[in-house]
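Enquirer: Sending over a structure as structure tokens; questions will come in a sec.
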There are 2 protein chains.
Amino acid sequence: MGDGSVYDTLISGGHLLTMAGEGAGFVADGAVGVEGGKIVAVGPRAVVEGNATARRTIDATGRLVMPGLIDAHLHSASVIGRGWAQEVQPWMASAYGPLMAHAADADAPIATLWALMEGVANGTTTFGDYDAPMEALVHSHVRLGNRAVVCGGISELNWANRAAWLADGWTPGDPTPLDRAHGEAALAAELDLHERWHGHDGGRISVILGPHAADFLSGELLVRAAGEARRRGISMHLHVAQDVRENEATLRRAGLRAIPYLDSLGLLGPDLIAVHLSTATPDEVALVAARGARMVCCANSIGIIDGVVPPVAAFQAAGGLVGLGSDQAPGNNSHNIFAEMRAVAMFAKIAAGSPLPMPAWRVVRMATIEGARVLGIGDRVGSLEEGKEADLILLDLDRPPLAPALLRPARNLVPNLVYAESGRNVRLSMVAGEVIYADGEFLRVDRTEALADLTAAAIRLQNAADADPTLSGLPIVELTRSGRI
Amino acid sequence: MGDGSVYDTLISGGHLLTMAGEGAGFVADGAVGVEGGKIVAVGPRAVVEGNATARRTIDATGRLVMPGLIDAHLHSASVIGRGWAQEVQPWMASAYGPLMAHAADADAPIATLWALMEGVANGTTTFGDYDAPMEALVHSHVRLGNRAVVCGGISELNWANRAAWLADGWTPGDPTPLDRAHGEAALAAELDLHERWHGHDGGRISVILGPHAADFLSGELLVRAAGEARRRGISMHLHVAQDVRENEATLRRAGLRAIPYLDSLGLLGPDLIAVHLSTATPDEVALVAARGARMVCCANSIGIIDGVVPPVAAFQAAGGLVGLGSDQAPGNNSHNIFAEMRAVAMFAKIAAGSPLPMPAWRVVRMATIEGARVLGIGDRVGSLEEGKEADLILLDLDRPPLAPALLRPARNLVPNLVYAESGRNVRLSMVAGEVIYADGEFLRVDRTEALADLTAAAIRLQNAADADPTLSGLPIVELTRSGRI
């Protein structure tokens, strides 16, 4: 650098948080040179600029430049039912399942696009999207231009059969009957998805396998899914110990709690992305970490739907790597990694009764480089380092809650990002060197059109749900009728 | 209404959350008529509009109209040190005190204006501001046009003497020596402030008395302050049981924990706004509620600086009224009541290990009508009802995290406001019928000028703090030096 290089793009001025090294990697008055979608120079402005020239310069004066955020686990299409599933117990059977069953598959790509737009506007550049039908949803990722590690999910649980379960005496909270054909079709779709989409768009799209959870599919299918993933050298994205129902189900089926059961099947390994671990005992947390699996914490979602703080601190203490996820909007209620950063930091303090656990610098790494490693793409994104893809965001340091930006004798940028920023100061998002969002506009997608599509889909969902008389006793319907909400 | 009335302003279309009644007071497709700064009509659009006309109409189509939020407790001027005091124990002596001692009184009005702008942009219309020198700071409130219930605070604790304390062997965590002359001057200033400013600007400014805390001033001065407040028929704004140091100090001085000590002095009564109650035992919580005092919960601040969940649920169960406060930006790190709503709801669930406590509809009432009652102005603001001041905000329902807005069979507006909204969707803020903020701009204040003033003040603060060698061992300075932040 500084040797007469010509950059495609030079991002110049402002401060950097590179995430290189052990901390946040602060560089005052820095610059980033981008060439062929990759970072080819990063550091102090004087060094990066030298006598180099650039075809395009992005002025980052008064901005903070940092890696794009990693949302390591979300169900993008469920945003259509935002805010509909919470404050009940059990959440899945008393709210999410019956209400979201009315969301049409045909509308799912519209919802996914909306969720991704929300995430990108809040600084996320990579989504670990776990939703179906992914064959349709993946087009929304490609269209918006973000990076994604996707799976459609493999499950033998079919909510379309709920009326039949109810007729058979099933009540919310009971283990749900499994539908093997449903699961087989999902596995086949997942393998087909991998065949067609893995590596698409210069690697922006990766496909992994998503066996849903120990209680959502049979042991046979869990083992087959793991075999297929290992044969392809890809990760598995699995909900692990997500609630008490999961342990109850595996105890009934196999006499083991969920984590020992998964271990007995050989599912716990370095290729596993273990989501939640909400009900894991300390020994189970240590076991998952010892097997080399990675963890995703969805702090707000699990807090809202179960009142639980996932064992992030324990997993990290056992040497495990943790990323952050926004999970699902019916009970989160947003796709915003800034909100997740604040939550994981705050909940850890409250759980410990001390201000000391989970300091901001650890949390900002979980939202960037560690999240990237959790998704298996830490060699390509998650930090601003030479050779990595140019996935980065610019934030406005001249507005609350980032202003005043203080540098001496202590810097306040990282604490304010974690404890206060909401995403509204994100001014620009770049993926593989391409600007996909700037100053409130999406470069590839028309917001007005996306909103019109969403609004029409939301009307279809409301019409369908409103016509279902079995929903009238749900708690959130009651709260609506009584005028509380 | 509908009888040929002429409104000054008609806010028409969109949905309302009035907070009238027991819940959120939802009205579909509503309207609000404003005359002489007051609400004269509110309800369904067809009823309010009737054959009335308006000199000005604000189109609220696609918007949510609700009461302006109440930030019942903040220290506005401390925003200059945003993010500087957290992740340490004890917070006051190891971070806030020594760092913020370098903030110049002359710069305080600049900082206050910035904090208020942050709050207003996030939907707050009333601030319970507790900061000094209020005689100077109150001008910032008047300038921006918000409503405020202010006090400068009465304290015998003088951080300017810290070097002398240290020389005398004082260490952080020890009770701080009291300076009676400092306290007397503060009380005199407070009474003078009341005399000059109470009721200013058509009642937008109210002045109450702010004895700081049981450990920050002597019993004599606490009792005198209470007498002066009662003689004037105004409230007292007091930090109560805010940390373990307070109990230790009152135990040493009077042999009683803070709350019994305050009760022995006759301080607990219906005129008391009791802030925090962080260390209150269940019996103490019940005592404060039984005496008729009101509570302010600063969930994020207390979570960050102490890892504690204030006893909101217990205080409410004892029949007490609770408002929300943003407290102080060095350890919050924002003045944003949406962030406080989410925190108080989430922390209650986590503390209880259940998704059921502190539902969204209760929380949105704490941020509006209950917060107004806590500040003693619930008869004038906090809900959209005829005869009340027109203090209200409009939010954009067409953007995440409020879109899609679902109405049938369940409404998601209140849950999404509480669990997801960050304030970025606030499009307009009105106080006493006057628009003070719209579409990102402040009507009375130039943002560029305010930023320039803030930036200059922040440089002065950094220069002063950077020149103080006693700060070099502070934890946040260490984190900066090591490159963690």
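Enquirer: Tilt of helix A:134-144 relative to the longest C-alpha principal axis of chain A, in degrees (0 to 90, nearest 10)?
Expert: So the inclination is approximately 20 degrees.
Enquirer: Averaged over every viewing direction, what's the projected area of the C-alpha convex hull for the protein assembly as shown? Give it in nm², one decimal, please.
Expert: Computed as one quarter of the Cα hull surface, the answer is 37.6 nm².
Enquirer: For chain A, give the share of DSSP beta bridges that are antiparallel, in percent and rounded to the nearest 5; count only bridges with both residues there. Intermediate values should be presented prior to the final figure.
Expert: Details: 28 of 62 bridges.
Just about 45 percent of them are antiparallel.
Enquirer: Further, regarding this structure: Tell me the angle of helix A:108-121 to the major Cα principal axis of chain A, expressed in degrees between 0 and 90 and rounded to the nearest ten.
Expert: That helix lies at roughly 40 degrees to the long axis.
Enquirer: Here's another thing I want to ask about it. Remind me, relative contact order of chain B in percent, using alpha carbon pairs under 8 angstrom and six or more residues apart?
Expert: 19 percent
Enquirer: Based on the alpha-carbon gyration tensor of the range B:214-294, what equivalent-ellipsoid semi-axes (square roots of 5 times the eigenvalues) come out, in whole Å, largest first?
Expert: 19, 15, 10
Enquirer: Treat the range B:310-409 as a sphere of radius equal to its Kirkwood radius over Cα pairs and apply Stokes-Einstein at 4 °C in a medium of 1.567 mPa s; give the translational diffusion coefficient in µm²/s, rounded to a whole number.
Expert: 85 µm²/s
Enquirer: Between B:ALA352 and B:ARG143, what length comes free when the chain is fully extended (0.36 nm per residue of separation minus the Cα-Cα distance, one decimal in nm)? Present the calculation step by step, with values, prior to reporting the outcome.
Expert: Working: separation 209, 0.36 × 209 = 75.24 nm, distance 4.31 nm.
Gain in length upon complete extension: 70.9 nm.
Enquirer: Please give every one of the lysines within straight-line cross-link reach of A:LYS38, meaning a C-alpha to C-alpha distance under 26 Å, and leave out same-chain neighbours fewer than 8 residues apart.
Expert: Within the straight-line limit of under 26 Å, A:LYS38 reaches these lysines: A:LYS388.
Enquirer: Right, here's the next one. Label-to-label distances across copies for B:GLY173, with labels 7 Å out along Cα→Cβ, in nm, shortest first?
Expert: For B:GLY173, the other copies' label points sit at 4.6 nm, shortest first.
Enquirer: To continue, here is another question. What's the exposure ranking of B:ILE476, B:ILE436, going from fewest to most Cβ atoms within 10 Å?
Expert: B:ILE436, B:ILE476
Enquirer: Right, next: So in the protein assembly as shown, what percent of DSSP beta bridges are antiparallel if you round to the nearest 5?
Expert: 45 percent
Enquirer: Given a Förster distance of 22 Å, report the FRET efficiency between B:ALA464 and A:ALA28 from their Cβ-Cβ distance, rounded to the nearest 0.05.
Expert: 0.65
Enquirer: Let me ask another. Give me the Kirkwood hydrodynamic radius of the range A:57-206, using the inverse of the mean 1/r over all pairs of distinct Cα atoms, in Å to one decimal.
Expert: In the range A:57-206 this quantity evaluates to 17.1 Å.
Enquirer: Right, something else. Would you mind checking the tilt of helix B:180-197 against the longest principal axis of the Cα atoms of chain B, expressed as 0 to 90 degrees and rounded to 10?
Expert: 20 degrees
Enquirer: Something else now. Between A:HIS198 and B:ASP379, what is the label-point separation in nm under the 7 Å Cα-to-beta-carbon projection?
Expert: Each label point lies 7 Å from its Cα, and together they span 7.2 nm.
Enquirer: Moving on to the next point. Using helices alone, what [θ] at 222 nm do you get for chain A, with -39,500 (n - 2.57) per DSSP H run of 4 or more residues, divided over all residues and rounded to the nearest 500? Provide the component values of the computation, followed by the final result.
Expert: Details: 19 runs with 180 residues, N = 485.
Taking each H run of at least 4 residues, the total per residue is -10500 deg cm²/dmol.
Enquirer: Mind ranking A:204-210, A:150-156, B:165-171 by how tightly packed they are, going by the mean number of other C-beta atoms within 10 angstrom, highest first?
Expert: My ranking of the peptides, most packed first, is A:150-156, A:204-210, B:165-171.
Enquirer: Still on this structure: If the convex hull of the alpha-carbon atoms of chain B is projected onto planes in all directions, what is the mean projected area in square nanometres?
Expert: Averaging across all directions leaves 22.7 nm² for the Cα convex hull.
Enquirer: If I stretch the segment between A:ALA136 and A:THR455 completely, what's the gain in nm (0.36 nm per residue apart, minus their alpha carbon distance), one decimal?
Expert: 112.9 nm
Enquirer: Order by neighbour count: A:ASP131, A:ASP271, fewest other Cβ atoms within 10 Å first, most last.
Expert: Least to most surrounded, the residues fall as A:ASP271, A:ASP131.
Enquirer: Another question, if that's okay. Taking 0.36 nm per residue of separation and subtracting the Cα-Cα distance, what length does fully extending B:GLU184 through B:LYS38 add?
Expert: Taking 0.36 nm per residue and subtracting the Cα distance, the gain is 48.6 nm.
Enquirer: Shifting gears a bit: With a Förster radius of 35 Å, plug the Cβ-Cβ distance of B:ALA163 and A:THR281 into 1/(1 + (r/R0)^6) and report the FRET value to the nearest 0.05.
Expert: Working from the Cβ atoms, E equals 0.10.
Enquirer: Within straight cross-link reach of A:LYS349, meaning Cα distance under 24 Å, which lysines are found once same-chain residues fewer than 8 apart are removed?
Expert: Here the lysines satisfying the reach criterion relative to A:LYS349 are B:LYS349.
Enquirer: Per Stokes-Einstein, at 4 °C and 1.567 mPa s, what whole-number D in µm² s⁻¹ belongs to the range A:336-379, with the Kirkwood radius over Cα pairs as the hydrodynamic radius?
Expert: The Stokes-Einstein estimate is 119 µm²/s.
Enquirer: For each of B:LYS38, B:LYS349, count neighbouring Cβ atoms within 10 Å of the residue's Cβ, then give the residues from fewest to most.
Expert: Working: B:LYS38 16, B:LYS349 24.
Listing B:LYS38, B:LYS349 from fewest to most nearby Cβ atoms yields B:LYS38, B:LYS349.
Just so you know, all these numbers are worked out from the coordinates, no wet-lab data involved. Just so it is clear, the model here is predicted, and its values are computed rather than measured. Using ideal geometry, Cβ is built from the backbone for each residue, glycine included, and neighbour counts are taken over all protein chains shown.
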